[in-house]
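Working notes for the structure below.
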Protein chains: 2
Amino acid sequence: MSPTSISRRGLLGAAGTGTLTAAGTLLAAPGVASAETTSGNLPSTVDTVVVGAGISGLVAARQIARAGRSVLVLEARDRVGGRVLNHTLANGSVIESGGAFVGPTQDHILALAAELGVQTFKEYAQGDNVYISGSITMRYTGTVPPDPTILADAANLQLQLDTLSKQVPVDAPWTAAKAAEWDAKSVDNWIKENTVNPATANLLLCYLQPCFGTDPREMSLLYLLWYIATAGDETTPGTFERSAGTSGGAQDSRVIGGSQLIPLRLAAQLGDIVALKAPVRKIEQTADSVTVTSDRGQVRASRVIVAVPPPLAAKIDWYPLLPPLHLELLQRLPMGALMKCDAVYNRPFWRDAGLSGMALIDSGPVRATFDNSPPDAGVGVLMAFIGGSTWRDWGNRPADERQTAVLQAFAEIVGPQALTPIDYVEHDWTHERWSTGAPTSVAAPGVIYSYGAQIRQPVARVHWAGTETATYWSGYMDGAVRAGERAAQEVIALL
Amino acid sequence: MSPTSISRRGLLGAAGTGTLTAAGTLLAAPGVASAETTSGNLPSTVDTVVVGAGISGLVAARQIARAGRSVLVLEARDRVGGRVLNHTLANGSVIESGGAFVGPTQDHILALAAELGVQTFKEYAQGDNVYISGSITMRYTGTVPPDPTILADAANLQLQLDTLSKQVPVDAPWTAAKAAEWDAKSVDNWIKENTVNPATANLLLCYLQPCFGTDPREMSLLYLLWYIATAGDETTPGTFERSAGTSGGAQDSRVIGGSQLIPLRLAAQLGDIVALKAPVRKIEQTADSVTVTSDRGQVRASRVIVAVPPPLAAKIDWYPLLPPLHLELLQRLPMGALMKCDAVYNRPFWRDAGLSGMALIDSGPVRATFDNSPPDAGVGVLMAFIGGSTWRDWGNRPADERQTAVLQAFAEIVGPQALTPIDYVEHDWTHERWSTGAPTSVAAPGVIYSYGAQIRQPVARVHWAGTETATYWSGYMDGAVRAGERAAQEVIALL
């Protein structure tokens, strides 16, 4: 219940932008210029403060506003979207520097996109993929390359990942019958115990580094099994294929106009409910209310939803201190290390050669590539993920040296034309102060079993959103939506 | 070289307390009342700011002051000592709530104590220790109980720990020939691969939980091997026995008057060079200087030494952002979870029965105990560590329930007299905002191999101290001294 001194209407009445009525009807047309504030006074009291204007925080805020409660979103950056960020090319086409893909069973992000008038298109996946491992170069289709030297290993690993992940409850992986055993093992250890050919481990690296920005050595087997289990929905169990795959998988489709359209349109609906350049420094709880201190002032609320990555939640000064079990968890969920490199060409010339643009390579700066061309193929874009140990090696070299190596890798995949792009764009998420890495936080051995149960536990008046707290598609935009919705429901029930 | 605008004398001339001359001669007698400030103006410029008034920061500050440079220590708490904290009992005797033990090869803390007029005494280790495992209860002497069911396992583990740790360079464990392999493995996994009887793993838990506040599941094998390697000095290789042992080991001796006497006397020498209640929020570097913002204002310096636990260093707002490799490391060094429980009796009655007060127990809230009586045995004190999963289980229960269980465990060890102490004292380091855990930060699999090389790398004008950065006795008071000395040397050479 909110304290009587906290307005139940707050900004919704006072904002004057007319973007959202108290009853929750959306008035703003999709694409309307957003009215977030970057300066000026904030309200002194609202029903709920949301920390972070990524998709999760914005979804939570909208749901609370629709319930007729006043809400304020405090965002550290001068933009919304968090780990979702568009980049406009010279010809006006938009590509993504951050989270981009959507796919089947990601019904929450897909429904949100549709509601916002944001359309999707199929990721280009025609023709052959390319697999380069040692002396082997082969074209193939599907998710797993049919390299005869690793086929048995790979099939066995995939079968085990699917079988074991079904024993992991998505909302409580720490309760799996073998949780203690699986959480004591790094993925690297497990792979080595279950493979004959070391090249198989390299192949799995091509999946793990882009997906997690992390090497198998740093990752708990229980965490990986849980992550695969979440690659589904309430009626469709997660599988490795759906988690790793393109057509029919997590990389099935992209957003026309770029995925950041979704948070941009959400923010436009919310108007001056969204305060930018307002990093939250302190959260103080009393029995009656919670006070949030940002660089733009203090706001008192009945409830707070924290929708930022775990390491950033740990940075906030908590009064009283978070319960130790919770604080210890937040200390143990570091972000992956990931960058994206996009080379732009006049056209996606590889398609002529019957190539999809997708590739897996076991050495050099590039482990996995995708065709990142806009839907009209007005230009051709090849995109590479550089994550984990590959990022540590290549992400810290001079930009021109890295670019040369990336383009050489692209040339190995699609031919020498790749060496002469018309543009080249990089985005390294480890350089982002308000993300500190991407795509998601990753649990080392021991973390989920010991501390995982805290992940969604409200702490008095504080609730938790963000894709890391999702029980389906954690680490993805869909998980961000689901987590925002769930946190909003918690808060609305208590306001 | 310091910018000319930054005073080379600074506080040393201006302070007016006369505790330390510019030439570095100590004038204050040991034990003099400290003159740290808790309010009032800080200087606007000094040669070096030290963040954190634990032993490491105070040692660094004193060394810089002795070199004739001005220095200011900014401490978040209203006291000095960090994880080293005295507690005075009703009869005036002093026990430690934090770091307490010293031992052979810890020459730096021992030399510092001697210089400060602080004396040590042998930890009581006469008579028999007690070992309780399942249905076995036995008295024994030495470090490893001769339980016949685990003797072969334990001897093998100890031999391997000693053998393998000698292959780990203390200053660069990531360069060990098998670093990649060892860092991919949790200690739990390694123990299971190398033991027949599961009770052996329980025994190792009795060492690991007090030493690290962490379970073997959460800890990299490479980290443990490195930690053992650091339990020595430049001429004496570390061993498991020295790391785990009492007489002749890490728990050989204690400090008369309590270990916090050391930082208290250091602070008294430094006088108003030490500013309390001054948590550091922001560190901004330019080409010419570095500006440190604390709750007591801004100070500009030529160099900064950060001497706080890694999770707290990660909380500081860094401008520019720390190099990503460094930031990723700081995100991956969480603190252990540890509390100390002391029961106080009229006298150490267990000594009459030929018991040392030391015990290892494989269940319940207490895994390891020590005789924590003051040197005059004016009262008797039994002390238990509760760490890792035992802390997660028992540290979060009501205090009276925990106390009852701890006293029952003590009674199992030394008899029913233990049930009726005259006093009972607990200290849980996970509740400490400016430590967030104890005794040290612990690396999960993958961290040291991937990010460890950053640990002491200066970042422009910022240098790193704190026991976590030590190459001998990391995690101990001796490591704190060594790290402070090394960081001070780095800075002095550059001022």
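Give me the number: length gained by fully extending B:K282 to B:T175, i.e. 0.36 nm times residue separation minus the C-alpha to C-alpha distance, one decimal in nm.
Here the answer is 35.2 nm.
Where the centroid of each part is defined by its Cα atoms, how far is segment B:323-341 from segment B:276-297 in Å?
For segment B:323-341 versus segment B:276-297, the Cα centre distance is 22 Å.
Looking at segment B:217-316, which GluC sites (Glu not before Pro) are in a loop (DSSP not H, G, I, E or B) and have at most 14 other Cβ atoms within 10 Å?
Taking segment B:217-316 and a limit of 14 other Cβ atoms within 10 Å, the loop GluC sites (Glu not before Pro) found are B:E234.
In percent, how large is the relative contact order of chain B, given Cα pairs closer than 8 Å and 6 or more residues apart?
24 percent
Sum -39500 (n - 2.57) across every DSSP H segment of at least 4 residues in chain A, then divide by the residue count to get the 222 nm mean residue ellipticity, nearest 500.
Theoretical 222 nm ellipticity from helices: -9000 deg cm²/dmol.
Would you mind computing Rg(Cα) / (2.2 N^0.38 Å) for segment A:394-495, counting N as its residues?
After normalising by residue count via 2.2 N^0.38 Å, the value is 1.58.
Looking at segment A:388-408, which residues lose a minimum of 10 Å² of accessible area between their chain alone and all protein chains in place, measuring with a 1.4 Å probe and not counting ligands or nucleic acids?
Flagged in segment A:388-408: A:W391, A:R392, A:N396.
What's the local net charge at A:S253, with K and R +1, D and E -1, over the other residues with C-beta under 10 Å away?
0
Hey, any idea what % of the protein assembly as shown's accessible area is carbon plus sulfur with a 1.4 Å probe?
54 percent
Could you list, in their original order, any pairs among A:K277/A:K315; A:K340/B:K185; A:K178/A:K340 whose Cα atoms are separated by more than 24 Å?
Pairs exceeding 24 Å: A:K340/B:K185; A:K178/A:K340.
Convex hull volume of the Cα atoms in segment B:308-449, per residue, in Å³?
Per-residue hull volume (Cα only) is 136 Å³.
List for segment A:447-472: residues with 20 Å² or greater reduction in accessible area, all protein chains versus chain alone, probe 1.4 Å?
The answer is A:Y449, A:S450, A:Y451.
Once you average over the residues of A:431-439, how many Cβ atoms of partner chains fall within 10 Å of each Cβ?
3
Could you work out the local net charge near A:G475, counting Lys and Arg as +1, Asp and Glu as -1, over the other residues with Cβ closer than 14 Å to its Cβ?
Net charge around A:G475: +1.
Enter the accessible area per residue of chain B (Å², integer; probe 1.4 Å; all protein chains in place).
Per-residue accessible area for chain B comes out at 32 Å².
How large is the direction-averaged shadow of the alpha-carbon convex hull of chain A, in nm²?
About 21.4 nm², averaged over all directions.
Taking square-rooted eigenvalues a ≥ b ≥ c of the alpha carbon gyration tensor, is segment A:128-275 rounded, prolate or oblate, where a/c under 1.5 means rounded and, failing that, a/b exceeding b/c means prolate?
Oblate is the answer for segment A:128-275, as a/c is 1.5 or above yet b/c matches or exceeds a/b.
Suppose every Lys and Arg Cβ carries +1 and every Asp and Glu Cβ carries -1, with no other charges. What dipole size does the protein assembly as shown come out with about its Cα centre, to the nearest 20 debye?
For this selection, approximately 2160 debye.
Could you check the simple spin-label distance between B:N91 and A:N91, using points 7 Å along Cα→Cβ, in nm with one decimal?
Placing both labels 7 Å beyond Cα along the Cβ direction yields 8.7 nm.
Mean Kyte-Doolittle of at least 0.5 and a Cα length of 18 Å or more along the axis: which whole DSSP H helices of chain B meet both?
B:198-212
What does the charge count around A:L225 come to, taking other residues whose C-beta lies under 12 Å from its C-beta (Lys +1, Arg +1, Asp -1, Glu -1)?
0
Report which residues of segment A:203-226 become buried by 40 Å² or more of accessible surface when going from the isolated chain to the complete set of protein chains (1.4 Å probe; DNA, RNA and ligands ignored).
A:R217, A:E218
Tell me, how many Å apart are the Cα centres for segment A:97-135 and for segment B:352-404?
56 Å
Can you list residues from other chains, or at least 5 along the same chain, whose modelled amide H is less than 5 Å from the amide H of B:G380?
Residues meeting the amide H criterion: B:Y345, B:N346, B:R347.
Rounded to the nearest 0.05, what FRET efficiency do A:L494 and B:R397 give with R0 = 25 Å and r taken as the Cβ-Cβ distance? Could you check?
So, using R0 = 25 Å, E works out to roughly 0.40.
A plus B alone minus the pair: what accessible area, both sides summed, probe 1.4 Å, in Å² to 100?
3900 Å²
Give the shape of the protein assembly as shown as rounded, prolate or oblate, defined through the alpha-carbon gyration tensor: a ≥ b ≥ c are the square roots of its eigenvalues, a/c under 1.5 means rounded, and otherwise the shape is prolate if a/b is larger than b/c and oblate if not.
Prolate, because a/c is 1.5 or more and a/b exceeds b/c.
The values are calculated or read from the model by the stated rules, or taken from the named source; none is laboratory data. In this text, all values refer to a predicted model and were calculated from it rather than measured experimentally. Cβ atoms come from the backbone with ideal geometry, glycine included; neighbour counts cover every protein chain shown. SASA here: full protein model, heavy atoms, side chains in, ligands and nucleic acids out. Shrake-Rupley method; radii C 1.70, N 1.55, O 1.52, S 1.80 Å.
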